1. For region 19-64, which positions are of a type in the set (Val, Ile, Thr) and under 22 Å from the mean Cα position of the chain (by Cα)?
2. Any chance you could count how many residues in region 217-238 are farther than 29 Å from Ile257 by Cβ and acidic (Asp, Glu)?
3. What strands (runs of 3 or more DSSP E) completely inside region 201-316 contain at least 3 residues that are β-branched (Val, Ile, Thr)?
4. Could you grab me the full set of residues in region 33-54 that are at positive phi and surrounded by 17 or more Cβ atoms within 10 Å (Cβ to Cβ)?
5. Note down all Cβ pairs under 8 Å where the first residue falls in region 16-28 and is at positive phi, the second is outside any helix (DSSP H, G or I), and they're at least six residues apart or on different chains.
6. Would you tally the residues in region 32-55 being without any contact (Cβ under 8 Å) to a residue 24 or more places away in the chain and touching a Pro at 6+ places or on another chain (Cβ under 7 Å)?
7. On the given criteria, is Gly193 in a loop (DSSP other than H, G, I, E, B) and not aliphatic (A, V, I, L, M)?
8. Which residues, counting only those in region 22-46, are touching a strand residue (DSSP E or B) at 6+ places or on another chain (Cβ under 8 Å) and hydrophobic (A, V, I, L, M, F, W, C)?
Amino acid sequence: MAKVFFSVDVHGANSVWRKWLRIPELYGVDALLLCGDLTGKSLVPLIERGNGKYNAFYFGKNWTLQKGKETDEMEKRIQDAGAYTLRCNKDKILELQNNPEQVEKLMMQMIKDRIHQWMEMLIKKIDLSKVDVVVMPGNDDDWEIDDEIKSFREKGVVWCLDNVVDILKIPTISLDYVNPTPWDTPREDKEKGMKKRIKKLVNKLDDPSRSIFNFHAPPFGTMLDLAPELDANKKPVIVAGQVNFVHVGSKAVTEAIEKYQPLIGLHGHIHESYGHDKIGNTPVVNPGSEYGEGILRGYIIEIVDKKIINHWKVEG
């Protein structure tokens, strides 16, 4: 028997990445997957006041921090929750406010630096001759991180996009794109385009029914794709005092799984909709995400004779 650990949507959280790297020693898995939405979304300045103190706003609160240990600990907390930090003075803040392109360039360099640091941690922590490791971007991730991940292929990290890769000898196809979202993220496509992308990947398989579909977009109409309905201002719709949830996954993904009946569908993207479901005979899973709280969510999948015999959720 062999075991896979599948996780998603880490969004830059150092704490979650460190926990993910410990999974092989804790659970004895043979393959480790982190698929989709690797990078963070915000930059938090720590502003020097000139009197041995810094100001910061995060976790919904204004903080006044003593230079040294107190500031160091807050910076770590912020980075562990997925954001990027910048120590600077008020003049630098004004400069950045007047130059959005500079902010974007700075943020992108921080994103790439963190991905590179993570990959360095990975190759030091895990014996890649014994554990298959897949690291895949998702719809929220900028294209510039792809080369950072690819640069570690020679050291044993698996790049899974564009081609079939074997995960514990099971052919696997992967897709980073999702159907359109309100947020206009880098890797989105209309359902027609999603269908074409999936078909192109499936055509590379000898037998889709004996493969794994690793698609970041969850299948529409399942327990994996329920998210708050949003109004025109991108605010949750409230019905009878409760947030109204609707299906937001990809119909093209559902159709592909219905048609080809792979061994399992691995999905993410919708943080709130963690759990498992079935499409025909195919189990589909979404670990969900609580990266901001430093919680790692994942599914362990047991494989015997190239067949999925069990799967269950773990978190911590």
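1. Ile23, Val29, Thr39, Val44 - these are the residues of region 19-64 that are of a type in the set (Val, Ile, Thr) and under 22 Å from the mean Cα position of the chain (by Cα).
2. Residues that pass the stated criteria total 1.
3. Output list reads 282-286, 297-304, 307-315.
4. Of everything in region 33-54, those that are at positive phi and surrounded by 17 or more Cβ atoms within 10 Å (Cβ to Cβ) turn out to be Gly36, Asp37.
5. The qualifying pairs are Gly28/Lys3.
6. Within region 32-55, residues that are without any contact (Cβ under 8 Å) to a residue 24 or more places away in the chain and touching a Pro at 6+ places or on another chain (Cβ under 7 Å) number 0.
7. When the stated conditions are applied, Gly193 does not pass them.
8. Hits for region 22-46 are Ile23, Val29, Ala31, Leu32, Leu33, Leu34, Cys35, Leu38, Leu43, Val44, Leu46.
The values are calculated or read from the model by the stated rules, or taken from the named source; none is laboratory data. Values in this document were obtained by computation on a predicted structure and should not be read as measured data. Here the Cβ is made from the backbone with ideal geometry for all residues, glycine too, and neighbour counts use every protein chain on show.
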